[in-house]
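The values are calculated or read from the model by the stated rules, or taken from the named source; none is laboratory data. This is a predicted model, so every value here is computed, not measured. Neighbour counts run over all protein chains shown; Cβ positions are idealised from the backbone, glycine included. Quick note on the areas: whole protein, heavy atoms, side chains included, nothing else; ligands and nucleic acids left out. Shrake-Rupley method; radii C 1.70, N 1.55, O 1.52, S 1.80 Å.
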Amino acid sequence: MSFSIEEFSARRDQLLASMVKGVAIVPTAAEMVRNRDSHFPYRFDSYFYYLTGFKEPDAVLILIAGEAPKSILFCREKDMEREIWDGFRYGPDAAKETFGFDEVYTFSQLGEMMPKLLSNQAQLFYSLGADAVWDVKVTKWLNLVKDLARTGVSAPEAVRDVRQLVDQQRLIKTPFEIDLMRRSADIAAVAHNRAMQKTAPGKMENEIEAEFLHEFYRKGAQAPAYTSIVAGGANACTLHYNANNTKLNDGDLLLIDAGCELDGYASDITRTFPVSGKFSGPQKDLYEIVLASQLAAIEVATPNHHWNSPHEAALDVLVQGFIDIGLCKGTKEQVLENGDYRQFYMHRTGHWLGLDVHDVGDYKNKQGDWAALEAGHVLTVEPGCYVRPADNVPEAFWNIGIRIEDDVLITAQGNEVLSKGAIKTVADIEAQMAGSK
Ligand code: GLY
Ligand code: MN
Ligand code: MN
């Protein structure tokens, strides 16, 4: 587990400073039943985890901002009987010492203590509407505090969304986070290379999925970061295909969009390569266009550009390429203007990446302009091209779906491609696949 008391207390201190005064309530996620007494694998809430590093369910962080700032955790109590069945839990004493909170209480003390903690606080920072169960609890506590008015106690006048404050904090990654994201991307990159080596005609998409999952878990990732896409041939033209249950055909391409989660941090990589190990002419033509557009986009993912610059750069190259090979008609300016390219490229070129695969943070600034790229941002760059059969499309390109996606850290000097270990040139792919036969 990657943890540092200094790192996580610094994150809480930053939030406490931006709250100025008031109390914040940040609960973690609930466990979810899969069926009867089986649960889905537990995943903590990203905001809670960002501020605590604490991975157990039934926990909530309370921050008190003001002259004497304080962080308080409520967590499950030690329970030897439950630990025999479910495994280790910290309990308040060990949680306080290990994670560096000022105070820690058991989750069962929460109801009794919260009205007191909310009394005489000017504002409450809480994400109303994010979780109905917590909304009911918080409303009940607020009403209990309001009922104390005649005794001279005041309730918070304003409720502000604590997530909005944390979002901008999470957008700029610290060196600690960058190290984790680099490792997450490294694991996923090696996993993609392994999947590529193991691919051959006649195998099933799910067999190839097993190959990258093998590498994720072997290297210590706790889970895939999102539902993996393993899409052979025409399946790649379905953007969110995830059945992953089709046989791979000689002559088709295979698109894999898969990333892992390492101590909460996501990687998100897509590679597309020939099932046989050798691109056909039309596949290669389209692949080179998508790759060139991706390289052009990465080139402008730097601090002197804004959020939309990589998308604009990718689009420029894609549209020219589509015209050159006969997918679109007209000049580049005309096709950009009339949007005909959307028949083949209908998504944007990336998103912020972090604890969530589609991470938090604004894409525009307060003036409504695209946000400037800054050192510490991590984003994906993922142009693609998806050609469904149609009367206006040369048959040679039918059912070809390609996406190339990397994870890019903006640095003071330019950028670092965190997922650079995953091979992507035609020559490297064909050489690697020839070597694996
Ligand atoms: N894998 C999700 C995405 O690429 O956005
Ligand atoms: Mn992505
Ligand atoms: Mn992806």
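When we measure straight from the Cα of Lys332, which lysines land under 29 angstrom away, once same-chain ones fewer than 8 places off are left out?
Excluding near neighbours in sequence, the set is Lys284, Lys364, Lys424.
Mind grabbing the base-10 log of I(q)/I(0) for the range 310-435 at q = 0.17, 0.18 Å⁻¹? Debye formula, identical points on the C-alpha positions, no solvent, two decimal places.
Debye output, listed in q order: -1.05, -1.12.
Taking the Cα atoms only, what angle lies between the long axis of helix 5-19 and the longest principal axis of the chain, rounded to 10 degrees?
Long axis of 5-19 versus the principal axis of the chain: about 80 degrees.
Cα convex hull of the chain: how many Å³ per residue?
Per-residue hull volume (Cα only) is 174 Å³.
Compactness ratio of the range 76-200: Cα Rg over 2.2 N^0.38 Å, N = residue count?
1.57
Calculated from DSSP H runs of 4 or more alone, at -39500 (n - 2.57) each and per residue, what is the 222 nm mean residue ellipticity of the chain, nearest 500?
Mean residue ellipticity at 222 nm (helix-derived): -11500 deg cm²/dmol.
Using +1 on the beta carbon of Lys and Arg, -1 on that of Asp and Glu, and nothing else charged, what's the dipole of the range 1-139 about the Cα centre, debye to 20?
Charge dipole, the range 1-139, about its Cα centre: 300 debye, nearest 20.
Dipole of the range 260-319 (Lys/Arg Cβ +1, Asp/Glu Cβ -1, origin at the Cα centre): which of Gly277, Leu295, Asn308 lies farthest to the positive side?
It is Gly277.
Roll a 1.4 angstrom probe over the protein heavy atoms and tell me the percent of accessible area of the chain that is carbon or sulfur.
51
Put +1 on the Cβ of every Lys and Arg and -1 on every Asp and Glu Cβ in the chain; which of Trp370, Ser46, Phe322 then has its Cα farthest towards the positive end of the dipole?
Ser46
Students often forget the sequence filter, so: which aspartates and glutamates lie under 14 Å Cα-Cα from Lys146 once same-chain residues fewer than 8 apart are removed?
The reachable aspartates and glutamates, counting only those whose Cα sits under 14 Å from Lys146, are Glu157.
If I stretch the segment between His39 and Lys198 completely, what's the gain in nm (0.36 nm per residue apart, minus their alpha carbon distance), one decimal?
54.0 nm
Mind checking the angle between helix 426-435 and the chain's longest principal axis? C-alpha axes, 0 to 90 degrees, to the nearest 10.
Orientation of helix 426-435: about 90 degrees from the principal axis.
With every protein chain kept in place and ligands, DNA and RNA left out, what is the accessible area per residue of the chain? Probe 1.4 Å, answer in Å².
45
Just tell me which lysines come within less than 30 Å, Cα to Cα, of Lys140; anything on the same chain fewer than 8 places away is out.
Within the straight-line limit of under 30 Å, Lys140 reaches these lysines: Lys21, Lys55, Lys70, Lys78, Lys96, Lys116.
How many angstrom separate the Cα center of the range 47-89 from the Cα center of the range 131-163?
21
Please list, by residue number, every one of the trypsin sites (Lys or Arg not before Pro) in the range 12-66 that is coil in DSSP and has at most 13 other beta-carbon atoms within 10 Å.
Answer by residue number: Lys21, Arg36.
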